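The values are calculated or read from the model by the stated rules, or taken from the named source; none is laboratory data. What you are looking at is a predicted structure, and each value in this text was computed from that prediction instead of being measured. Ideal geometry is used to build each Cβ from the backbone, glycine not excepted, and the neighbour counts take in all protein chains shown. What goes into the accessible areas is simple: the full protein's heavy atoms, side chains included, and nothing from ligands, DNA or RNA. Shrake-Rupley method; radii C 1.70, N 1.55, O 1.52, S 1.80 Å.
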Amino acid sequence: MPALILILGDQLSPALPSLRHWQPDDHILMAEVAAEGEYVPHHQLKLVLIFSAMRHFAKALQAQGCQLHYIQYQQQVRSLLAAVQQTLAQHPELTQLRITEPGEYRLAAEMQQWSAQLGIPVDILEDDRFIASHAMFRRWASGRSQFRMEYFYREMRRYTGLLMDNQQPAGGQWNYDAENREACPANQQIPAPLSFTPDDITEQVISMVRDYFPANMGNAADFSFAVTGKDARAAFLHFVSVHLPLFGRYQDAMKQGEAYLFHSICSMYLNCGLLDARWMCLQVEQAWRAGNVPLAAAEGFIRQIIGWREYVRGLYWLQMPAYRQLNFLQANRPLPGWYWTGQTRMNCLAQAIGHTIKHAYSHHIQRLMLTGNFANLAGLSVDAVTDWYLAVYADAFEWVELPNTLGMALFADGGQLGSKPYVASGNYINKMSNYCQHCVYDVKETLGARACPFNALYWDFLARHEDKLGNNPRLQLTYQQWRRKGDNQAAIRAKAADLLIAIETL
Ligand SMILES: Cc1cc2nc3c(=O)[nH]c(=O)nc-3n(C[C@H](O)[C@H](O)[C@H](O)COP(=O)(O)OP(=O)(O)OC[C@H]3O[C@@H](n4cnc5c(N)ncnc54)[C@H](O)[C@@H]3O)c2cc1C
Ligand code: SF4
């Protein structure tokens, strides 16, 4: 039976399950539809990346002889279902639809209805570009009262054989994180990531995005990402040879004016299918075995991919749709306008949001300990914050964005993903960056007019949520410090209340 194969914008991998079954009389459909382009106000660079990478992928499939239907955004087809209906109406010989499962619960739930709506069989294949299948993650999770990434990660090391010697972790330890987490010295040279000049296809997409999404964050004309698998692999190999040796050491560091430091900038390529997770990990392992990078760097990187990335995906599918509704700390305050403009006097946040606006990127610690930390301390609305993260990063797809934001950054799942909230005062930001040296606020102060807002908000957060967090074993020392503040507690809480009233002007 000739089939219509639908390929989504985050499925741009030649090894996609639905493409592996391709027969010459099958047709392929790719569509830039309004519903997917508009459900949050995506950053302009994210839109250019996805649409241009889709158009390049379609061109490559056509060059291989596939019968391909491509609907451009300008054609204003509303939904994927409408795109499929339109194509099937033009090609009645196509009597089944084949899809690789989407990465988002909303779309997956819609697709379950498609067979009835279209009147033909719809074959939805599991996405085996991820290393842990749904069944494997469910097996790992079943019977556990608490999920912890570290234990899942060890299973994944055993399963993949990555960095294993004779069934034991290479070097004798599973995790070398203790060797990482240094601040970046002032004189450290930071090489630039590989960037790419837009070709004609990308230029057309840039002008389309500028025409149709003028109010969205960012400037499409700044686009310099890879849009093909070949270029994405070149960008990743550049990272392995140039940045990976110092990746682990400076993984948590932040520096004035530096968006990328030694990070790989590969999540956007990986998440839309231009890079393959197994291939990346093998490159990193080989670089270590060849003596080109320290074990701590290689292990740290591989842990992010087969540990954190697979773990958050597993949790997402295990817990949706209920997960989306969680709000353990009852955080409901509106998002301040400066999250969209970067116009805040808090230098650390101005830097992180500035990188976000300029590059549709900020690195993990900026997302977690700056924008995420502030959102948590200030009790910003979980819905508004998760929508913001989904909109502003080029790598943002709900399966990975939601657990990271709702679970890791906001603790809205009450500790299913992490064992304690990732909250910190200005002291942590000062230790890991040089931002405070360039700030109008004083990181050492909690109460004065120039006091760093993170300080009073930090203590107020702990006091506000003592009923829910006070018994957390990992927060006992912190609560002891809070109790020792005695008479100062009231002043700190009053300062925090003032800061929250003035939140738009901080
Ligand atoms: C609030 C918040 C929101 C986030 N939203 C996203 C998102 O929408 N999409 C996304 O891919 N990542 C997200 N992350 C995880 C992480 O911040 C990004 O993957 C990383 O910053 C991407 O930059 P990089 O490629 O330079 O990563 P590197 O620091 O070079 O890390 C290498 C790779 O490891 C993977 N990785 C690392 N940490 C995580 C993690 N916690 N979860 C999943 N994968 C991880 C990514 O694929 C990343 O490319 C979020 C983190 C937080 C705290
Ligand atoms: S002083 Fe406070 S607000 Fe300013 S950069 Fe440091 S941590 Fe951020």
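Listed values, structure above:
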| quantity | calculated |
| --- | --- |
| Mean separation of Cα contacts under 8 Å, 6 or more apart, over the residue count of segment 355-471: relative contact order % | 21 percent |
| Accessible surface of segment 133-199, 1.4 Å probe, proportion on carbon and sulfur as whole % | 44 percent |
| 1.4 Å probe accessible area per residue over segment 316-443, in Å² | 30 Å² |
| Area accessible to solvent at residue 447, 1.4 Å probe radius, in Å² | 70 Å² |
| Violating pairs (Cα-Cα greater than 24 angstrom) within the set 46/431; 468/495; 431/485 | 46/431 |
| Restricting segment 430-506 to GluC sites (Glu not before Pro) in coil, as DSSP defines it, with at most 15 other Cβ within 10 Å | 445 |
| Sequence-separation-based contact order of the chain, relative, with Cα cut under 8 Å and 6+ spacing, percent | 16 percent |
| Spin-label pair residue 292/residue 110, simplified geometry with 7 Å Cα→Cβ offset, distance in nm | 4.2 nm |
| Between segment 1-55 and segment 82-112, the alpha-carbon center distance in angstrom | 11 Å |
| Whole-angstrom gap from segment 261-307 to segment 322-385, using each part's C-alpha centre | 27 Å |
| Dipole magnitude of segment 78-143 about its Cα centre (Cβ charges: Lys, Arg +1; Asp, Glu -1), debye to nearest 20 | 160 debye |
| Per residue solvent-accessible surface (Å²) - segment 155-198, probe of 1.4 Å | 64 Å² |
| Accessible area of segment 342-499 belonging to carbon and sulfur atoms, whole % at 1.4 Å probe | 48 percent |
| Folded to 0 to 90 degrees: helix 149-160 orientation relative to the chain principal axis, Cα | 40 degrees |
| Share, in percent, of DSSP beta bridges within the chain that are antiparallel, nearest 5 | 15 percent |
| Chymotrypsin sites (Phe, Trp or Tyr not before Pro) lying in DSSP loop within segment 23-104, provided at most 16 other Cβ fall within 10 Å | 39 |
| Principal-axis tilt of helix 277-289 within the chain, Cα atoms, nearest 10 degrees | 60 degrees |
| Qualifying trypsin sites (Lys or Arg not before Pro) in segment 339-439, DSSP loop, other Cβ atoms within 10 Å at most 15 | 345 |
| Residues whose placed amide H lies under 5 Å from that of residue 29, excluding near-sequence neighbours | 5, 6, 7, 69 |
| Extended-chain gain in nm, criterion 0.36 nm per residue less alpha-carbon gap, residue 237 and residue 60 | 61.5 nm |
| Whole-Å semi-axes of the ellipsoid equivalent to segment 48-177 (Cα gyration tensor, √5λ, descending) | 40, 20, 14 |
| Karplus-derived HN-Hα couplings along segment 107-112 (A = 6.51, B = -1.76, C = 1.60, θ = phi - 60°), whole Hz, x at Gly and Pro | 6, 4, 5, 4, 5, 4 |
| Anisotropy class of segment 264-336 from Cα gyration tensor, a/c 1.5 cut | prolate |
| Within the chain, helix-based [θ] at 222 nm, where runs of 4 or more DSSP H residues each add -39,500 (n - 2.57), nearest 500 | -12500 deg cm²/dmol |
| Computed label-point distance, nm, for sites residue 438 and residue 148 using a 7 Å Cα→Cβ extension | 3.8 nm |
| Shape category assigned to segment 210-259 from the gyration tensor of Cα positions, a/c cut at 1.5 | oblate |
| Nearest-ten-degree value, helix 310-319 long axis tilted from longest Cα axis of the chain | 80 degrees |
| Mean projected area (nm²) of the alpha-carbon convex hull when segment 315-461 is viewed from all directions | 8.3 nm² |
| Space enclosed by the convex hull of the alpha-carbon atoms of the chain, per residue, Å³ | 155 Å³ |
| Cβ-Cβ FRET estimate between residue 474 and residue 164, R0 fixed at 41 Å, reported to 0.05 | 0.85 |
| Solvent exposure of segment 92-133 as accessible area per residue, Å², 1.4 Å probe | 43 Å² |
| Modelled label reach - residue 20, point 7 Å along Cα→Cβ, segment 89-115 residues with backbone N closer than 13 Å | 100-101 |
| Rounded, prolate or oblate (a/c below 1.5 giving rounded, otherwise prolate when a/b exceeds b/c) for segment 398-506 by Cα gyration tensor | oblate |
| Full-stretch length increase - residue 195, residue 343 - with 0.36 nm per residue and alpha-carbon distance subtracted | 50.5 nm |
| Inter-site label distance for residue 330 and residue 204 at 7 Å from Cα along Cβ, in nm | 5.5 nm |
| Longest to shortest principal axis, alpha-carbon extents of segment 432-474, angstrom | 37, 24, 10 |
| Volume of the Cα convex hull of segment 361-405, divided per residue and given in Å³ | 61 Å³ |
